[in-house]
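A quick write-up on the structure given underneath.
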Amino acid sequence: MASSASFDHPALPLIRRAFPALSLEATQYRGQTTVIAGATCVHALLRFLRDSPECSYDFLVDLSGIDYLGYAAPQPGRFAVVYQLLSVASGRRLWVKTYLDASGDTAGIEEDPSLVLDSVTNLWPGAEWAEREVFDMFGIRFRGHPDLRRILMWRDYPGHPLRKDYPLRGRGERENFGVLARKDA
């Protein structure tokens, strides 16, 4: 882990000991520690953080997506998925982030094989809706998800609206809405 020696988070030495061969990075900002892991090992890391008695991150507080398109500082990938974990027993929090890079044009709704992560619904069943939201808004798929379908937009919605290359005014989908009278609503 990069420069984690100055960090005081108790999970970092445990992660380093459990995953000596993996190249992991850690950052800290305003007392919040983030571990950055590769997409292929993030599920194993999250399982360790949940199952290890020393860590005991038994609560997935949040799971969210980020699009770094046009971001001033360079990132290892255009998209990121962030897991916010909480150990209920100790009250400690830890963020785990993984980056994904699209293999092609992201303007459409086509499935991109490089925008896939393993689902964590087998670790935290409550991740089901959050993963569906990240899929719906960013187009990131979760392998092994029990019901991966859109949650906010309709099934045939033409894109992923939180991608930064999605047009602000949409692609004509607003013009196709039928007008409802007040008595019909």
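The values are calculated or read from the model by the stated rules, or taken from the named source; none is laboratory data. For clarity, every value in this text was computed on a predicted model and none was experimentally measured. So basically every Cβ, Gly included, is an ideal-geometry build from the backbone, and we count neighbours across all protein chains shown.
Quick notes on this one:
- Selection over segment 103-156 of residues that are crowded, with 17+ Cβ neighbours inside 10 Å and over 26 Å from Arg47 (Cβ atoms) gives a count of 1.
- Of all residues in segment 17-31, those satisfying the criterion of being in a loop (DSSP other than H, G, I, E, B) and either surrounded by fewer than 16 Cβ atoms within 10 Å (Cβ to Cβ) or in contact with a strand residue (DSSP E or B) (Cβ under 8 Å, 6 or more places away or on another chain) (or both) are Pro20, Ala21, Leu22, Ser23, Leu24, Arg30, Gly31.
- Looking only at segment 43-76, and only at residues there that are at pLDDT 95 or above and farther than 18 Å from Ser87 by Cβ, the one that is surrounded by the fewest Cβ atoms within 10 Å (Cβ to Cβ): Ala44
Residue-by-condition table, conditions (1) part of a loop (DSSP other than H, G, I, E, B); (2) touching a residue at least 12 places away in the same chain (Cβ under 8 Å); (3) of a type in the set (Asp, Glu); (4) within 22 Å of Ile140 (Cβ to Cβ):
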residue: Phe7; (1), (2), (3), (4): yes, yes, no, no
residue: Thr33; (1), (2), (3), (4): no, yes, no, no
residue: Ala39; (1), (2), (3), (4): yes, yes, no, yes
residue: Arg50; (1), (2), (3), (4): no, yes, no, yes
residue: Asp62; (1), (2), (3), (4): no, yes, yes, yes
residue: Ile66; (1), (2), (3), (4): no, yes, no, yes
residue: Leu69; (1), (2), (3), (4): yes, yes, no, yes
residue: Val82; (1), (2), (3), (4): no, yes, no, yes
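- Test result for Leu14, hydrophobic (A, V, I, L, M, F, W, C), in contact with a Leu (Cβ under 9 Å, 6 or more places away or on another chain), farther than 28 Å from Trp129 by Cα and outside any loop (DSSP other than H, G, I, E, B): yes
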